[in-house]
Amino acid sequence: MNPPIVSAAEDFAEVAADYLANAILRARVSNRPVTVALSGGSTPQPVYALLGRRTDLPWSAVHLFQVDERAVPPTDPQSNFGMIEKSLLAAVVGVGPTMWRMQAERNDLQKEAHRYSTLLPARLDLVVLGLGSDGHTASLFPGSDAVKERAHRVVPTRAPDPPHFRLTITRPVLERAGTLVTLVAGFEKSRAVRRALLETGPVEELPGRIAQAGVWVLDSGAAEGLAPHP
Ligand code: 6PG
C-alpha cells in the first residue's frame with residue numbers, strides 16, 4: 001500500500017488539488033489525451049475549484065468523465081455534474097476540457113448506463129473518489145449488486161440516502177485505472193478510512209477498499225483513526 005498523504009485540515013484542498021494537477025501532468029505523455037473521472041459529493045468541491053484555476057494544465061486535452069451521478073436534472077443542486085460545472089468547469093480560463101456527462105435524469109437508466117459505458121475509455125488515467133461514512137465509494141454501496149458487478153462498466157444502482165437512484169462506474173473500471181485518488185475530509189469518516197486502509201476483509205463489505213493501493217488525501221480528522229494507539 002502507498003502511504004496515504006496526510007495533510008492538515010487547513011490545506012486539505014490545496015494538497016489535493018496539487019496532487020491531482022501533478023497526476024494530470026504525469027499522464028500527459030506523447031500528446032495523447034488525458035482521461036479523468038470525477039466523483040461528486042461535497043468534499044471535492046473546493047478541490048475542483050482550485051484545480052480549475054490551474055492555468056499550467058493542458059485543459060483542452062483533458063477528457064472529464066463522471067464516476068457516478070444521481071438521477072436528477074443537471075440543474076438540480078444535488079447533481080454531481082452541476083457541482084463539477086460550477087466548481088471546476090467555470091474556473092477554467094480559455095479552452096476547457098471535454099466533459100462527458102452522465103445523463104442520469106433519463107427515464108431509462110439501464111440504457112443510459114450502456115450508452116455511458118461505450119463512451120468510457122478502455123482505461124482511465126486518473127479517477128477521483130470519495131468515501132462515505134458507511135464505506136461506500138463511487139455509488140458502490142456495501143452489500144449492493146453494483147459492488148459485485150464484474151460484467152458491466154456502468155450500472156444503475158440505489159443509494160440508501162436520497163437521491164436514491166444513481167448511475168455508477170463499477171469495480172473493473174476502477175481496477176484498470178492508472179491512478180486512484182481518494183479524497184476524505186472530516187472525523188466522521190475516520191472509522192471508514194481505518195477500515196478501508198488498515199483492515200482486511202471483503203470489498204463488498206467496505207467498497208472503499210477497492211482503492212486501498214491508491215493514493216489517499218486525508219485531512220487531520222479523517223486521518224485520526226490511522227494514528228498508532230498508545
Ligand atoms: C456521490 C459521490 C459519492 C461521494 C461520497 C462522499 O454522488 O455522493 O460521488 O461517492 O464521493 O458519498 O461524499 P461527500 O464528499 O459528500 O461526503
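For region 158-202, taking the residues that are over 16 Å from the mean Cα position of the chain (by Cα) and assigned to a strand (DSSP E or B), the one that is surrounded by the most Cβ atoms within 10 Å (Cβ to Cβ) is identified as PHE165. Could you list all residues from region 204-213 that are under 17 Å from the mean Cα position of the chain (by Cα) and modelled with pLDDT of 95 or more? Selection gives LEU206, PRO207, GLY208, ARG209, ILE210, ALA211.
Given the structure, is ARG150 among the basic types (Lys, Arg), assigned to a loop (DSSP other than H, G, I, E, B) and closer than 23 Å to TRP216 by Cβ? Answer is no for this residue. If the condition is being out of contact with any Pro (no Cβ under 7 Å at 6 or more places or on another chain) and either part of a helix (DSSP H, G or I) or within 15 Å of the ligand (Cβ to nearest atom) (or both), then region 104-121 contributes ALA104, LYS111, GLU112, HIS114, ARG115, TYR116, SER117, THR118, LEU119. Looking at this structure, is SER30 under 16 Å from the mean Cα position of the chain (by Cα) and either within 16 Å of the ligand (Cβ to nearest atom) or in a loop (DSSP other than H, G, I, E, B) (or both)? No. For region 100-118, the criterion of being without any contact (Cβ under 8 Å) to a residue 40 or more places away in the chain, surrounded by fewer than 18 Cβ atoms within 10 Å (Cβ to Cβ), over 12 Å from LEU167 (Cβ atoms) and in contact with a Ser or Thr (Cβ under 7 Å, 6 or more places away or on another chain) is met by no residue. Restricting region 122-145 to residues that are surrounded by fewer than 23 Cβ atoms within 10 Å (Cβ to Cβ) and among the polar types (S, T, N, Q) leaves a set whose member that is farthest from the ligand (Cβ to nearest atom) is SER144.
Scanning region 46-85 for residues that are in contact with a helix residue (DSSP H, G or I) (Cβ under 9 Å, 6 or more places away or on another chain) and in a helix (DSSP H, G or I) gives PRO46, VAL47, TYR48, ALA49, LEU50, LEU51, GLY52, TRP59, MET83, ILE84. Looking across PHE81, PHE12, PHE65, one residue alone is aromatic (Phe, Trp, Tyr), crowded, with 16+ Cβ neighbours inside 10 Å and over 30 Å from PRO156 (Cα atoms). It is PHE12.
The values are calculated or read from the model by the stated rules, or taken from the named source; none is laboratory data. Quick caveat: nothing in here was measured; it's all calculated off a predicted structure. Please note: Cβ atoms are built from the backbone with ideal geometry, for glycine as well, and neighbour counts cover all protein chains shown.
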